[in-house]
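The values are calculated or read from the model by the stated rules, or taken from the named source; none is laboratory data. As the structure is a computational prediction, the values presented were derived from the model and not from experiment. Here the Cβ positions follow ideal geometry from the backbone for every residue, glycine too, while neighbour counts run over all protein chains shown.
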Amino acid sequence: MPVQKTLNWKKAVVTLIMFACGILFLLPFFWMLSASLKFENDVFTYPIQWIPERWNAVNNYKTVWMGDYPFWLYYLNTIKVAVLTTLTSVTVSSLAAYGFSKVHFPAGRWLFLIVLATFMVPQQAILVPQFILYRSLGLFDTHIGLILLNSFSVLGTFMLRQFFMTLHNDYIESAKIDGAGHFRIFLQIAVPLVRPAIATYAILRFIWTWNDYQNPLIFLRTDRLITLQLAMQKFTTINGEYYSLIMAAAVSAIFPLLIVFIIGQKQVIEGIALGGVKG
Amino acid sequence: MATAAGVNGRKRASSLQRKEFLAGWLFVAPMLIGISIFTLFPILIMLILNFSDWDFVMGLDNFKWAGLDNFARLADDAKFHKTFTNNLIFMFTVPVCMAISLLLAIIIDKHVYMKDYFKVTYFMPYISSVVAVAVVWQVLFHPSKGPVNHFLRLVGIDDPPGWIADPNWALVSVMMISVWISIGFNMIVYLAGLQSIPKDLYESAEIDGAGGWIKFRKITLPLLSPTTFFLLITGIIYTFKSFDLIAVLTKGGPAGSTSLMVWYMYETAFLNLKIGYASAIGTVLFVSVLIITLIQWIGQNKWVNY
């Protein structure tokens, strides 16, 4: 009996209902986008003009990007911090992950336990001593300090270690017989094989760093060094009641992440599901 | 001949071992050094600060030992009690968020077309910057001009609450936003959990005539219990660590109604410059999270039923 492929009506109806719920769920984003395109006077007109009757998009975004407030500088700062944090964190974590899974040395087991134990320490709890340490090391109010703060991720190490462990030891043993050292095996065999996992972690780290508000708030002071999240808040304070400008800034702050997320959607969702990781 | 080979072999083996030893330490060294400097050392500093009375702006000369004073003061500090209570109330977001997420996950898993589209939709708030999201909600919740209250007046509620500006509603408002942000994460983890349940269990239950509700109660819920437990624990830990939303949205106000532990610590350390006292608050936070983690370790084996 051939199974007829017809549209399942029940499923279609549920899809439609869920679609409506989804729009409701994302309404704050639509409101944000819509307000950023309007004249200030139209932001709070009711009923809400979701598609503005009078457009002021160019002016709003121009004011945000090219006004007195150097938004582009904060953008560059954020890109710099996020990219460098991601690079160092991925490097440090994959080195450690390989060391803890594929190199057999007696101290390895308990060193890994120590690393794992520090995962229980919430960073928020040690913010105050970290702040004091940063001031005495000269890392306070520098980008390098901010980058180092997120570069030693236990989570990343743990996640990548899981993947390195799935690699067959035969690969590594046969490479060793051919005279390859661990470093060459790491670079030429192990890393290429776990590349999807590394990409997943890199995307997640990039998103987390981009969105980080707490650490820049505490560890940066100079105005020209601050990152987007802090700038966003300062911008809000300065522009008090100019909601169209504030929303244009908010859209600008979210947009690059949205691109990263849409490109890396599969990796992000799989990474979250797999490790159940939470920044 | 045999012995010579044996000695050679042992030499080779020990040189190999030395190589492994060296390689091992080299690979993990950056991580270990980083953790030592940025996590372990600060913990040591924290232990010292706990027993001190220090305004760090005044420099080291100003450093005074205070014994257990900081903790004694915490026990009497009404503001800290309020903060801790707020934290406990805030925990309520975890089960609410999990229930909504589970419902969404079940619907998305089996009952809709375009699964990927829905995953992305509900995940959006989670990847968006908290600052931008908080700013938007601030405007939406605006007591007089905001769209939320406009809508409420439209449907006949003449005196809608002031939301984040209202001491009675502020914490609830922040909790609602927090649920909205976390749904995506919980849903994705639940979806992964659902996909790991073997399909034939449902099929045989159907043969036995089980309806949807029975299947949910007897198969889905028990088999998801590890996921549920995991989400519960990480969710509770997350509520203890919450800071961004409070810092951007309410700054603990109005009248301390949304002060959570990390915010109170931040306020004490960086606005009131009481380093010793702030460190003690940090320690309470640390211990709270530690206890929850221990519960997780013990519970993982007992609670979760397969």
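Here A:LEU116 fits the description: touching a residue at least 12 places away in the same chain (Cβ under 8 Å), closer than 27 Å to B:ARG18 by Cα and exposed (fewer than 15 other Cβ atoms within 10 Å of the Cβ).
It is to be established whether one or more residues within region A:252-260 are surrounded by 21 or more Cβ atoms within 10 Å (Cβ to Cβ), of a type outside the set (Gly, Ala, Ser) and either closer than 30 Å to A:LYS102 by Cβ or more than 12 Å from the chain's Cα centre (by Cα) (or both). Scanning region A:252-260, I find no residue that is surrounded by 21 or more Cβ atoms within 10 Å (Cβ to Cβ), of a type outside the set (Gly, Ala, Ser) and either closer than 30 Å to A:LYS102 by Cβ or more than 12 Å from the chain's Cα centre (by Cα) (or both), so the answer is no.
Criterion first (under 24 Å from A:THR142 (Cα atoms), in a helix (DSSP H, G or I), in the same structural domain as A:VAL90 (by TED's automatic domain parsing) and out of contact with any Gly (no Cβ under 6 Å at 6 or more places or on another chain)) does A:GLN267 satisfy it? No. Under the condition of being in a loop (DSSP other than H, G, I, E, B) and within 23 Å of the chain's Cα centre (by Cα), which residue from region A:112-138 is farthest from the other protein chains (Cβ to nearest Cβ)? So the residue we want is A:PHE119.
In the condition set (1) buried (at least 18 other Cβ atoms within 10 Å of the Cβ); (2) within 10 Å of chain A (Cβ to nearest Cβ), B:PHE230 is compliant with all but (1). Within region A:237-249, the residues that satisfy the criterion of being in a helix (DSSP H, G or I) and either more than 8 Å from chain B (Cβ to nearest Cβ) or closer than 23 Å to A:LYS80 by Cα (or both) are A:THR237, A:ILE238, A:SER244, A:LEU245, A:ALA248, A:ALA249. Filtering region A:161-184 to residues that are without any contact (Cβ under 8 Å) to a residue 60 or more places away in the chain, within 14 Å of chain B (Cβ to nearest Cβ) and over 30 Å from A:ALA82 (Cβ atoms) leaves A:GLU173, A:ALA175, A:LYS176, A:ILE177, A:GLY179, A:ALA180, A:GLY181, A:ARG184. Could you tell me whether region A:261-275 includes any residue that is in contact with a Leu (Cβ under 6 Å, 6 or more places away or on another chain) and among the hydrophobic types (A, V, I, L, M, F, W, C)? Checked region A:261-275: no residue is in contact with a Leu (Cβ under 6 Å, 6 or more places away or on another chain) and among the hydrophobic types (A, V, I, L, M, F, W, C).
Residues that are β-branched (Val, Ile, Thr), out of contact with any strand residue (DSSP E or B) (no Cβ under 6 Å at 6 or more places or on another chain) and at the interface with chain A (Cβ under 7 Å from one of its Cβ atoms): does region B:146-155 have at least one?
No, region B:146-155 contains no residue that is β-branched (Val, Ile, Thr), out of contact with any strand residue (DSSP E or B) (no Cβ under 6 Å at 6 or more places or on another chain) and at the interface with chain A (Cβ under 7 Å from one of its Cβ atoms).
Restricting region B:251-272 to residues that are buried (at least 23 other Cβ atoms within 10 Å of the Cβ) and of a type in the set (Ser, Thr, Tyr) leaves a set whose member that is farthest from the other protein chains (Cβ to nearest Cβ) is B:THR258. Where helices (runs of 4 or more DSSP H) sit wholly within region A:14-102, those with at least 2 residues that are more than 10 Å from every other protein chain (Cβ to nearest Cβ), within 21 Å of the chain's Cα centre (by Cα) and modelled with pLDDT under 90 occupy A:71-102. Regarding A:ALA231, is this residue buried (at least 21 other Cβ atoms within 10 Å of the Cβ), facing chain B (nearest Cβ under 7 Å), in contact (Cβ under 8 Å) with a residue 12 or more places away in the chain and small (Gly, Ala, Ser)? In short, no.
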